[in-house]
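Remarks on the structure that follows.
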Amino acid sequence: MTSDRDRDDGRTQASMTRGERVRAAARTLRTPRTASWLATETDVSAKTAKKYLDQLVEDNVLRTTEQGGQTLYCVDQLMATYREVASLQRDHHREELTDSLESMRARITDWKDEYDVETPGELRASIAGLEDRAEVERRRDIAGEWEHLDDRIPVVRAALNEYEWATKRDALPA
Amino acid sequence: MGLPGTIDSSVYEGLKDVLQRYPVITAVAYEPDRIVKQFLRARVDPSRLVPPSGPEPPTLDIEWRFLENESYYRIHYADSNAGFNCGWHRDDDHPELGPVHFQFDHPVTGEREPVHFEQCVPTEILWTVLDRLFEERIPSLTSTV
């Protein structure tokens, strides 16, 4: 039986069903949460949320953990990173990945030289005491960008490390 | 932008899914590219806005970051035809307005106001913002500029 809460409202029905909405929301579960927590957030029944969450566990998108007799769901970060590495290998030439990696590293080197710091944390710390608002904003922007590049570099490097092997694995049989 | 915290590509995939299904949005891409993936940029069909705009497609930029369990984000719309931009930001720029604020920037008029969302899930916040932007804010802001 379908409860009223599970029915799509008119506007969203055209673009996204409740199930699709739960699936999109599930990708944001960085902290382990129960099915009923996600059900409240997405305005569906706990049963519906659990159905989609369990499917995503089967598909290795989410993983579960038990806590206080409850099942909690969160994104399987290891599998998400492997998928990310595979899509970089499949969608980009080795040269593109190499150029991008070099360019990310060069930007970080430039920031280190320009501000005489070694980490984005040190750059953020250097903001204290600055009065020029434009410079404060600039350093904050760079620190945010730097932190992101620090995260991306290992992913791109992992894609390059096994690029040839992945290309062979990805070839379609003749 | 300068939001604190780190980006999670998996979360961006969920947000991209929401954007791609929203009727007035015609294209969604990673910026500066799919390798670096710093933020998402959606292009809006100017002829499907109420009221219609044009000729340039307005853009909607979404950057989402996480510092421990806290979300920081900017969902920012810019229409060069109408000469304004506005957005929902959760950052440290306006502590007097609380964690989240709406801001409307225009050479003559402009405003900042506090905002509260019932939901915590990024995709649900984005749905709420898209509804408010296209159904309420754009029609009323366009009539004031």
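The values are calculated or read from the model by the stated rules, or taken from the named source; none is laboratory data. It should be emphasised that the depicted structure is a prediction, and the values quoted were computed from it without experimental measurement. Quick reminder, even Gly has a Cβ in these numbers, built from the backbone with ideal geometry, and neighbours come from all protein chains shown. Surface accessibility is based on the protein's heavy atoms, side chains included, excluding ligands, DNA and RNA. Shrake-Rupley method; radii C 1.70, N 1.55, O 1.52, S 1.80 Å.
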Could you please let me know if A:Val57 is open to solvent by less than 70 Å² (accessible area, probe 1.4 Å), free of Cβ contacts under 8 Å to residues at least 24 places away in the same chain, more than 10 Å from every other protein chain (Cβ to nearest Cβ) and part of a loop (DSSP other than H, G, I, E, B)?
no
Residue ID - farthest from A:Ser87 (Cα to Cα), chosen from residues in the range A:151-164 that are open to solvent by less than 70 Å² (accessible area, probe 1.4 Å) and out of contact with any Lys or Arg (no Cβ under 8 Å at 6 or more places or on another chain):
A:Asp151
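Within the group A:Glu114, A:Glu122, which residue is farther than 21 Å from B:Asp91 by Cα, open to solvent by 40 Å² or more (accessible area, probe 1.4 Å) and out of contact with any strand residue (DSSP E or B) (no Cβ under 8 Å at 6 or more places or on another chain)?
Working: A:Glu122 fails: farther than 21 Å from B:Asp91 by Cα.
Every option except A:Glu114 fails the conditions.
Going through the range A:60-79 one residue at a time, which ones are on the phi > 0 side of the Ramachandran plot and either out of contact with any helix residue (DSSP H, G or I) (no Cβ under 7 Å at 6 or more places or on another chain) or surrounded by 16 or more Cβ atoms within 10 Å (Cβ to Cβ) (or both)? If you could, list the steps in order and put the result at the bottom.
Applying the first criterion (on the phi > 0 side of the Ramachandran plot) to the range A:60-79 yields A:60, A:68-69.
Listed by number, the residues that qualify are A:Gly68, A:Gly69.
When the range A:77-98 is examined, which residues are found to be of a type in the set (D, E, K, R) and more than 9 Å from chain B (Cβ to nearest Cβ)?
Filtering the range A:77-98 for residues of a type in the set (D, E, K, R) gives A:83-84, A:90-91, A:94-96.
Matches in the range A:77-98: A:Arg90, A:Arg94, A:Glu95.
Can you tell me which residue in the range A:143-174 is farthest from the chain's Cα centre (by Cα), limited to those that are small (Gly, Ala, Ser) and in a helix (DSSP H, G or I)? Walk me through it before giving the result.
First, pick out the residues of the range A:143-174 that are small (Gly, Ala, Ser): A:143-144, A:158-159, A:166, A:171, A:174.
Applying the additional criterion that residues be in a helix (DSSP H, G or I) yields A:143-144, A:158-159, A:166.
Values: A:Ala143: 19, A:Gly144: 16, A:Ala158: 16, A:Ala159: 16, A:Ala166: 22 Å.
Ranking the candidates gives A:Ala166 first.
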Out of everything in the range B:1-24 that is facing another protein chain (nearest Cβ under 10 Å) and among the β-branched types (Val, Ile, Thr), what residue ends up being nearest to B:Glu56 (Cα to Cα)?
B:Val18
Might you check whether a residue that is at pLDDT 90 or above, within 14 Å of chain A (Cβ to nearest Cβ) and over 19 Å from A:Glu137 (Cα atoms) occurs anywhere in the range B:79-96?
no
Filter pass, B:Leu130 being in contact with a strand residue (DSSP E or B) (Cβ under 9 Å, 6 or more places away or on another chain) and modelled with pLDDT of 95 or more
yes
Pair list, Cβ < 6 Å and 6+ apart or interchain, from the range B:26-40 residues that are without any contact (Cβ under 8 Å) to a residue 24 or more places away in the chain to residues that are open to solvent by 20 Å² or more (accessible area, probe 1.4 Å):
B:Ala27/B:Arg43; B:Val28/B:Lys16; B:Val28/B:Gln20; B:Ala29/B:Arg41
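Being of a type in the set (Gly, Ala, Ser) and surrounded by 20 or more Cβ atoms within 10 Å (Cβ to Cβ) is the filter here; which residues of the range B:52-86 pass it? Step through it out loud before you land on a result.
From the range B:52-86, those of a type in the set (Gly, Ala, Ser) are B:53-54, B:71, B:78, B:80, B:82-83; that's our starting set.
Correct list: B:Ser53, B:Ser71.
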Failed item, numbered, when B:Lys16 is tested on (1) more than 19 Å from B:Pro99 (Cβ to Cβ); (2) in a loop (DSSP other than H, G, I, E, B); (3) touching a strand residue (DSSP E or B) at 6+ places or on another chain (Cβ under 8 Å); (4) of a type outside the set (Asp, Glu):
(2)
